[in-house]
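Beneath this line is the structure, given in structure tokens, with notes to follow.
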Amino acid sequence: MSKKTIIGVDVGGTFVKFGLFLEDGSLLEKWQAATDQTEPDAVLRRIKQESERAMQKSGMTGREVLGIGIGVPGSVDGHGMVISAPNLGWSMVNIEKLAKEYFCVPVSVANDANAAALGEQFFGSGEGCDSMVFVTLGTGVGGGVIVNGRLLAGAFGGAGEIGHMLMNEQETRACTCGKCGCLEQYASARGIAEMAKEKLASTNQKTILRSLDVITAKEVFDAIREKDSVAVELGEMFGKMLGRALSYMASAADPQMFVIGGGMSAAGDVLLEYVEKYYRQYAFAPSKRTPFLLARLGNDAGIFGAARMVQLEHV
Ligand SMILES: [Zn+2]
């Protein structure tokens with residue numbers, strides 16, 4: 001058994017998820033704690049307390065910690081600087097530097113979707129694959145690009161942020177980022193729910209969706225399975241936008257595979273069908289056949305990826 005440990009952390013607006021790993025990446029324990037305080041110092045203090053507690057509980061006290069990986073819901077540059085993390089209220093915080101006051105081991109920081117991409121690439125659906133584009137479809141749309149086994153960190157913190165690619169310049173509704181017509185407005189759970197609301201207001205067509213009090217992306221995909229024509233139109237719109245965005249990603253990265261994760265990916269094959277249909281229409285010939293896979297690690301992708309960041313730097 002390897003002796004050293006790694007701590008993988010996934011900081012979210014509601015919960016902070018933790019994983020205690022051995023250096024080979026095997027998970028010893030995972031747990032989560034409510035994000036009650038979001039100031040950078042409070043979060044780091046919490047990570048320290050939680051890690052020490054878990055080390056003790058697992059009988060690992062005294063074992064060397066190789067490093068701590070932290071995924072943050074915001075844009076992060078290649079030097080651990082969080083440019084902006086609106087859910088935490090962070091702006092221009094160098095979390096890697098600040099962490100030096102709390103930990104005497106190396107700390108690696110990345111955007112949470114970027115970290116999740118690394119998790120899926122090494123421990124999940126992308127196992128054995130060298131280059132991959134990971135897309136997370138949840139409340140928003142995030143992503144991560146892996147080339148030659150390494151996460152594309154980018155220069156300014158924007159790498160893999162596919163949710164804010166401009167897809168529709170005719171759009172008048174604003175995205176959370178302030179622009180109008182971002183991918184996220186058509187391909188996220190929130191986006192699909194919004195589109196459904198608009199669609200129902202603009203048509204008298206019969207649809208299962210009209211009888212629901214609240215329409216979420218899940219109901220839309222359930223209705224697609226029932227061949228509901230309005231839901232199918234929404235699925236087409238979703239597929240067109242995401243398929244087109246990923247065809248652009250293929251032109252830049254030409255990955256071995258696309259891996260689709262996040263809460264919405266629970267819709268499964270029906271969701272992939274729409275994306276693949278349009279992707280194959282739009283992609284340039286050499287990348288037309290790129291396979292699409294559903295992510296395997298679910299909510300754990302972030303902690304696995306955070307552990308992988310440490311492995312990449314220190315193992
Ligand atoms: Zn946007």
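The values are calculated or read from the model by the stated rules, or taken from the named source; none is laboratory data. Worth saying up front: this structure is predicted, and the values here are computed from it rather than measured. Cβ: placed from backbone, ideal geometry, glycine included. Neighbour counts: every protein chain shown. The protein model used for the area step is the full one, side chains on, heavy atoms only, and it has no ligands, DNA or RNA in it. Shrake-Rupley method; radii C 1.70, N 1.55, O 1.52, S 1.80 Å.
Quick notes on this structure:
- Scanning the range 86-104 for residues that are within 16 Å of the ligand (Cβ to nearest atom) and at pLDDT 95 or above turns up nothing.
- Residue that is surrounded by the fewest Cβ atoms within 10 Å (Cβ to Cβ), among those in the range 177-203 that are away from the ligand (no atom under 15 Å from the Cβ) and not hydrophobic (A, V, I, L, M, F, W, C): Ser202
- Cβ pairs under 6 Å, 6+ apart, first in the range 175-200 and farther than 12 Å from Val141 by Cα, second within 15 Å of the ligand (Cβ to nearest atom) and open to solvent by less than 50 Å² (accessible area, probe 1.4 Å): Cys180/Glu171; Gly181/Met167; Gly181/Asn168; Gly181/Glu171
- Applying the criterion of being buried (at least 16 other Cβ atoms within 10 Å of the Cβ) and either within 11 Å of the ligand (Cβ to nearest atom) or not assigned by TED's automatic domain parsing to the domain that holds Glu236 (or both) to the residues of the range 150-166, the residue that is nearest to Ala307 (Cα to Cα) is Glu161.
- Index of the failed condition, Gly298 passing every other in (1) small (Gly, Ala, Ser); (2) out of contact with any Lys or Arg (no Cβ under 9 Å at 6 or more places or on another chain); (3) surrounded by fewer than 21 Cβ atoms within 10 Å (Cβ to Cβ); (4) over 30 Å from Val65 (Cβ atoms): (4)
- Per-region count, the range 167-176, residues open to solvent by 90 Å² or more (accessible area, probe 1.4 Å) and either in contact with a strand residue (DSSP E or B) (Cβ under 6 Å, 6 or more places away or on another chain) or near the ligand (Cβ under 8 Å from one of its atoms) (or both): 1
- Residue list for the range 15-34, restricted to those being in contact with a strand residue (DSSP E or B) (Cβ under 7 Å, 6 or more places away or on another chain) and more than 18 Å from Val109 (Cα to Cα): Leu22, Leu27, Leu28, Glu29, Lys30, Trp31, Gln32, Ala33, Ala34
- Residues (touching a residue at least 40 places away in the same chain (Cβ under 8 Å) and among the polar types (S, T, N, Q)) located in the range 271-315: Ser287, Thr290, Asn299, Gln311
- Selected residue (criterion: nearest to the chain's Cα centre (by Cα)) from residues of the range 212-229 that are in a helix (DSSP H, G or I) and surrounded by fewer than 20 Cβ atoms within 10 Å (Cβ to Cβ): Lys218
- Residue in the range 48-57 that is among the acidic types (Asp, Glu), open to solvent by 20 Å² or more (accessible area, probe 1.4 Å) and within 30 Å of Thr176 (Cα to Cα) present: no
- The set of residues in the range 22-81 that are more than 14 Å from Phe304 (Cα to Cα), touching a Leu at 6+ places or on another chain (Cβ under 9 Å) and among the acidic types (Asp, Glu) comprises Glu39, Asp41.
- Selection of the range 61-84 for residues being crowded, with 19+ Cβ neighbours inside 10 Å and farther than 26 Å from Thr176 by Cβ yields Val65, Leu66, Gly67, Ile68, Gly69.
- Criterion: farther than 26 Å from Arg46 by Cα, open to solvent by less than 40 Å² (accessible area, probe 1.4 Å), within 14 Å of the chain's Cα centre (by Cα) and within 16 Å of the ligand (Cβ to nearest atom) - qualifying residue of Val141, Val145, Val133: Val141
- Looking across the range 283-306 at every residue that is out of contact with any helix residue (DSSP H, G or I) (no Cβ under 8 Å at 6 or more places or on another chain) and outside any loop (DSSP other than H, G, I, E, B), the one that is nearest to Leu20 (Cα to Cα) is identified as Asn299.
- Residue in the range 264-283 that is β-branched (Val, Ile, Thr) and touching a strand residue (DSSP E or B) at 6+ places or on another chain (Cβ under 6 Å) present: no
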